[in-house]
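Asker: First, the structure itself, so that you have it in front of you.
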Number of protein chains: 2
Amino acid sequence: MSTNALPTQSSDFPAWYGEVVRRAGLAENSAVRGAMVIKPYGYAIWEAIQRELDDRIKATGHENFYFPLFVPISVLAQEGELVEGFAPELAIVTEAGGKTLEEPLAVRPTSEALIWATYARWVQSYRDLPLLYNQWGNAVRWELRPRLFLRTSEFLWQEGHTAHETEEEAVAEALTILHEVYADTIENVLAVPVLRGRKSESERFPGAVDTYTLEALMRDGKALQAATSHYLGQGFPRTFDVRYTGRDGSEQYPHATSWGATTRLVGGIVMAHGDDRGLRRDTRWKPQQVVIVPILREEDADVLHAAAALADELREAGVRVRVDDRPEHRPGFKFNEWELKGVPIRVEIGSRDLAAGAVTVARRDTGGKEQLPVPRAASTIDELLSAVQASLFEAARDVRERRTLRDPSSYAEMIEYLREAGGFVVAPWCGQSECEARVKEDSSATIRLLPFGDEPAPSGACVCCGRPAVTTAVWAQAY
Amino acid sequence: MSTNALPTQSSDFPAWYGEVVRRAGLAENSAVRGAMVIKPYGYAIWEAIQRELDDRIKATGHENFYFPLFVPISVLAQEGELVEGFAPELAIVTEAGGKTLEEPLAVRPTSEALIWATYARWVQSYRDLPLLYNQWGNAVRWELRPRLFLRTSEFLWQEGHTAHETEEEAVAEALTILHEVYADTIENVLAVPVLRGRKSESERFPGAVDTYTLEALMRDGKALQAATSHYLGQGFPRTFDVRYTGRDGSEQYPHATSWGATTRLVGGIVMAHGDDRGLRRDTRWKPQQVVIVPILREEDADVLHAAAALADELREAGVRVRVDDRPEHRPGFKFNEWELKGVPIRVEIGSRDLAAGAVTVARRDTGGKEQLPVPRAASTIDELLSAVQASLFEAARDVRERRTLRDPSSYAEMIEYLREAGGFVVAPWCGQSECEARVKEDSSATIRLLPFGDEPAPSGACVCCGRPAVTTAVWAQAY
C-alpha cells in the first residue's frame, strides 16, 4: 500500500477513483488494452453481487443456462438494429484451429441473436411459454476510452432472455426484474439509492420497444446507469422466425425481454459511497464485516486473548470478522488500510482499554468512535452493522437529494448546472428529440430516465423549447 | 420428450450418450461448430459442481480473481512449451473496434501466460507468497471432433494458479487440490470413484514438471480424466521474470502450480452412472432430490392433499422435492421423464395406496419399489437418500473393479483387452516411452496414471518389453 495520501474527491475525482480502485486492490489494467484484471478483493465484491442477484433471479422463477461465446456474423447480421448498434464495438475471430475460418465469428457483445435463433427450436406451443432464462458470463464491446469497471472491453455480467405469450406479461417481467431483482439488490444490499424509470427513445437498447433503467448519482454529480431491463416486443422473434401455436390454435410470435447487470456496479459502489479515506461499503460483503486490531505495545497475551474471544462471540452471532494480528505492521498502518478497504466496523483492543473493561469501536461510515464495555461489545456491534447499512443508504440519498435541481427557473440555469455536473435536473419536457439533442450539445448531459407515473404529471412548459410538456425528464451527465 | 426408446448402452454407447444428453435437456449443439448450448438442467448440474468445488477451494485458503479473456500472442509466445502445446487449438481475434489489430489476440486456451506476466508485478518479497488464487470462466481450444461436454471448442472451468517459496510447498498444494478439492467433490458428492496418481511424461500438461490426475471409468470401459493439478516448477516464473527477495536476502524464483476442472465432469456423471433408462445421479443436485407423482384417475382432492402434505414434511427436513401435478401428462409419461432425468427417488400416491394408509416409493438407482406407511414416509425417504448416494458410488466402483485387469498374463492379452475397451489394465512398466508408444499404437490406449506410492512396488517385468519394471502403470482407452 502506498503511504502517499489519496487525491481528494473535490480536487480530482477521476484520479481519486483510479487510486482507490488500485490501492484497495479492486482491479488493475492488463496487457490487453481496455481489459482489466479483477483482483481478489474486487472479485469478492462481484461474487457477493452475483450471489444476491442470482438468488433473486431464481426466486422470481428463472433458471440459468449457458450459450456459446462466439456468434457467427451471419446470425448477428440478421437483426439489423442490433448489429448496427454493436458493429463498431465487435471483436472478431477470423482464425481458429490453425486455419482461416470460412465465416468469421463475433465475440458476443450480447447474446440476443444466438439465443433467439435457438429459441426457434424450443418454442412450438403456448405450453412451452414462458421461457424464463438467465446467463452468467463475459461479453466484449471494444472500448476506446477504457476505465476500470466503468468501461472495459470485456466485462462480466448476467443477461436474462425471456419469451412470453403476451405483451402485458413481457412488460410485467421486465418490471419485476427491475424492481425485485435489480433495485432490491442495489438499494437494500449495496445501499445505493436509485431512480427508476424508462429511457427516452434515443437512449433505448438497440431493438427494444421500451428500456427500463435504474440510475444512481455518484459523488461527483454524474449519473451511473446501474442496470437495465428491456421489453423487446416481437422484433427478435420475427427476425429469427420463432412462432408458436397459441391457445386459439393460431400461429403467434412470442413477446421478448432481456435484462442485464454488469461488473460496472463495483465501480458504482466505489463512487456512490467512497470518501477521501477510501472505500466505504455496505455491511454485507465478504470477506469481513468487522476487523479487530489488537494494540500490542509489548508482549501482551491478555489483549490477544480478548481479541480472539470477541471474534469467537461475533462469529457465533453470524458476523464475519478478522483479527488483524500481523506483527510486521503498526496499528496506524492497519487503521489506514482497513479504512481504505472500507471495512464497516473496526474494533481496537489495547491493554489500557482492557484494564478499564472496554474496547473501542470505530464506524467507517461516519468516522465515529465509542468505548464499549466488553460484555456488551458483541451485541452492540451486531446492532451497529444494521445502523451502518441504513446510514450509508441515507447518506447517499441525501447527497442525491441535495444535488437534485427541480424545475429550474430557466434553460440557462439548467445548462449551467448540468455542465458543472451539479447532479440530476428534474424538469418538464415536450418529448421532442430536438430538445433532447440541444441539451446534450449544450451540456453533455442526457436524459437518464423518464420517471414512472408515480410522480405528478408535469405542469407548464418544456424547459428547453417552452412548448407544452408531456412528461417529466431527469437529466445528468453520466458515466 | 421423444417417446422412442433410448439406444441401449451395450448396442451403441455413443448414441446412448448423445440421446440421453439431448432428451434429458442437458445440452445441444449450437450454430457454432464445437460449441454447445448448456441447457438449464445441464447447467444446474454444473452450478452444483461449481458450488461444491468453490466451497472447497475457499476452505483450503484460496481466493477468486478474474483475468482477461484475450491474451496477446506475444505474451503467449514467451512460454515455448505452452504455445507449442496449444497453437493448433487457438482461436485468434484479428479485428476489433472496426480495425485490424496491430497485434492479434488469442482467446485464452488457459491463463498461465497472462497470469504469470502479471504476477511479476505482485511478487517482490517472500512476504508476498504464497499467492493462492483461482478463476472461474470460459476457455477456448478448437476441437475438430467435438462431443457434448466431453470435447467442446469452448468449455467452462476453474483454473487455479498459485506461487510458493519452495518446491515442497508447491507440490503439497497441487496434491491438496487433487485430494481435498477434486477427489472429495467427485467421490463424495458426485459419487464417481476415481483412481489417483501422476501422469507419465508424455501425458503431462505442457510446461509441467509433474501432473497429478484423477481417472474415472465410464460404463463403456473407457477412462475419463476427471481433473488434473500440476506442479509447474520454476519455468513460468523464469519465463516471465517473476523474482522475489527470499528470507536470506537472495533473489529467488517462486514455484508454480495450476489446476483445473471443467464442464466435461457433467458428461462424466452421465457415463459413470447412467443406464438404459437414462440418467442416474447423486442425491445432492438441485433442482430436486424427490419427485412426487399423484396418480389422479378422477377428481381426487385427497391424493393431491396427501402429496402436498408429504412435500411439506420433506421440505421441512431439508429435502428438495417437487410435486408433478401437470394435468396434461399421464403418470407413465411422468415416470419415464423423471427416470430419464435421473431424479433419485420417486413417490407415487394413488387413492388405492392412500386407502391402505401407504405411498409407493421407487429408487432410481436400483429400480426397487416399496410401500411405506404414510406416517413413516418422510423419515424413510430421508434415510433412503443417503442409501442411494452410497449405493451409486459402490455400483460404479464395482463396475470399475470388475472391469480392471490386473497383471495380465501376456502382452497379447493386455492389448486385446485394451482394444475392446474392456476397462483399466494395471501392469508393471519399465518407464520407457518406447513401450508406452507401442501400447498406444497397438491398442489406442494410453497410460492414464502411475498410481501414488500406496500400491506395492511392482515385481517382475514390464508387460511390454520384459525389462525390469520401475513402476506400476494403469492403461485404458480414454475420452
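The values are calculated or read from the model by the stated rules, or taken from the named source; none is laboratory data. All values reported here derive from a predicted model rather than from experimental measurement. Backbone-built Cβ (ideal geometry, glycine too); neighbour counts: all protein chains shown.
Asker: Filter the stretch A:273-310 down to the residues that are charged (D, E, K, R) and surrounded by 23 or more Cβ atoms within 10 Å (Cβ to Cβ), then identify the one that is modelled with the highest pLDDT.
Answerer: Result: A:R280.
Asker: Confirm whether B:L132 is touching a residue at least 12 places away in the same chain (Cβ under 8 Å), in a strand (DSSP E or B) and within 12 Å of another protein chain (Cβ to nearest Cβ).
Answerer: Here the answer is yes, as B:L132 does meet what is asked.
Residues checked against (1) crowded, with 22+ Cβ neighbours inside 10 Å; (2) hydroxyl-bearing (S, T, Y); (3) outside the structural domain of B:P468 (by TED's automatic domain parsing); (4) at pLDDT below 95:
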{"residue": "B:Y411", "(1), (2), (3), (4)": "no, yes, no, no"}
{"residue": "B:G422", "(1), (2), (3), (4)": "no, no, no, yes"}
{"residue": "B:A437", "(1), (2), (3), (4)": "no, no, no, no"}
{"residue": "B:E441", "(1), (2), (3), (4)": "no, no, no, no"}
{"residue": "B:I447", "(1), (2), (3), (4)": "yes, no, no, no"}
{"residue": "B:P456", "(1), (2), (3), (4)": "no, no, no, yes"}
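Asker: Is it fair to say B:P375 is on the phi < 0 side of the Ramachandran plot, in a loop (DSSP other than H, G, I, E, B), at pLDDT below 95 and not charged (D, E, K, R)?
Answerer: no
Asker: Look at the stretch B:179-207 and say how many of its residues are outside any helix (DSSP H, G or I) and without any contact (Cβ under 8 Å) to a residue 40 or more places away in the chain.
Answerer: 2
Asker: Something else about it: Identify, by number, the condition in (1) surrounded by fewer than 19 Cβ atoms within 10 Å (Cβ to Cβ); (2) modelled with pLDDT of 95 or more that A:V140 doesn't meet.
Answerer: The number of the failed condition is (1).
Asker: Condition (residue is assigned to a helix (DSSP H, G or I) and surrounded by fewer than 18 Cβ atoms within 10 Å (Cβ to Cβ)) applied to the stretch A:249-258: is it met by at least one residue?
Answerer: No - not one qualifying residue is present in the stretch A:249-258.
Asker: Same structure, new question: Counting only residues that are without any contact (Cβ under 8 Å) to a residue 24 or more places away in the chain, more than 7 Å from chain B (Cβ to nearest Cβ) and under 21 Å from A:D282 (Cα atoms), which one in the stretch A:23-58 is surrounded by the fewest Cβ atoms within 10 Å (Cβ to Cβ)?
Answerer: Filtering the stretch A:23-58 for residues that are without any contact (Cβ under 8 Å) to a residue 24 or more places away in the chain, more than 7 Å from chain B (Cβ to nearest Cβ) and under 21 Å from A:D282 (Cα atoms), the one surrounded by the fewest Cβ atoms within 10 Å (Cβ to Cβ) comes out as A:D55.
Asker: Continuing with this model, one more query. Can you find, within the stretch B:148-180, the residue that is nearest to the chain's Cα centre (by Cα) among those that are farther than 22 Å from B:A478 by Cβ and crowded, with 23+ Cβ neighbours inside 10 Å?
Answerer: B:G160
Asker: Could you check the stretch A:170-192 and list, in sequence order, the residues that are farther than 17 Å from A:N134 by Cα and out of contact with any strand residue (DSSP E or B) (no Cβ under 7 Å at 6 or more places or on another chain)?
Answerer: Within the stretch A:170-192, A:D184, A:E187, A:N188, A:V189, A:L190, A:A191 meet the criteria.
Asker: Restricting to the stretch A:4-19, name every residue that is modelled with pLDDT of 95 or more and farther than 21 Å from A:I186 by Cα.
Answerer: A:P7, A:T8, A:Q9, A:S10, A:S11, A:D12, A:F13, A:P14, A:A15, A:W16, A:G18, A:E19
Asker: So how many residues does the stretch B:102-119 have that are within 11 Å of another protein chain (Cβ to nearest Cβ), in contact (Cβ under 8 Å) with a residue 60 or more places away in the chain and farther than 12 Å from B:V83 by Cα?
Answerer: Looking only at that region, the number is 2.
Asker: Here's a follow-up. Before we move on, is A:R145 surrounded by fewer than 22 Cβ atoms within 10 Å (Cβ to Cβ) and either in contact with a helix residue (DSSP H, G or I) (Cβ under 8 Å, 6 or more places away or on another chain) or part of a strand (DSSP E or B) (or both)?
Answerer: In short, no.
Asker: Given the conditions (1) under 25 Å from A:A27 (Cα atoms); (2) surrounded by fewer than 23 Cβ atoms within 10 Å (Cβ to Cβ), and given that A:I186 satisfies all but one, which numbered condition is not satisfied?
Answerer: Among (1) under 25 Å from A:A27 (Cα atoms); (2) surrounded by fewer than 23 Cβ atoms within 10 Å (Cβ to Cβ), the lone unmet condition for A:I186 is (2).
Asker: Tally time: how many residues in the stretch B:212-230 are surrounded by fewer than 24 Cβ atoms within 10 Å (Cβ to Cβ) and farther than 15 Å from B:R196 by Cβ?
Answerer: 4
Asker: Would a scan of the stretch B:251-262 turn up a residue that is assigned by TED's automatic domain parsing to the domain that holds B:L156, among the aliphatic types (A, V, I, L, M) and at pLDDT 95 or above?
Answerer: yes
Asker: Can you name every one of the helices (runs of 4 or more DSSP H) wholly within the stretch B:8-93 that holds 1 or more residues which are within 23 Å of the chain's Cα centre (by Cα), of a type in the set (D, E) and over 30 Å from A:D55 (Cα atoms)?
Answerer: B:13-23
Asker: Being touching a residue at least 60 places away in the same chain (Cβ under 8 Å) and surrounded by 13 or more Cβ atoms within 10 Å (Cβ to Cβ) narrows it down to one of B:L372, B:L392, B:L384, so name that one.
Answerer: B:L392
Asker: Taking the conditions exactly as written (more than 24 Å from B:L232 (Cβ to Cβ) and within 11 Å of another protein chain (Cβ to nearest Cβ)), does B:V75 satisfy them or not?
Answerer: Criteria not met by B:V75.
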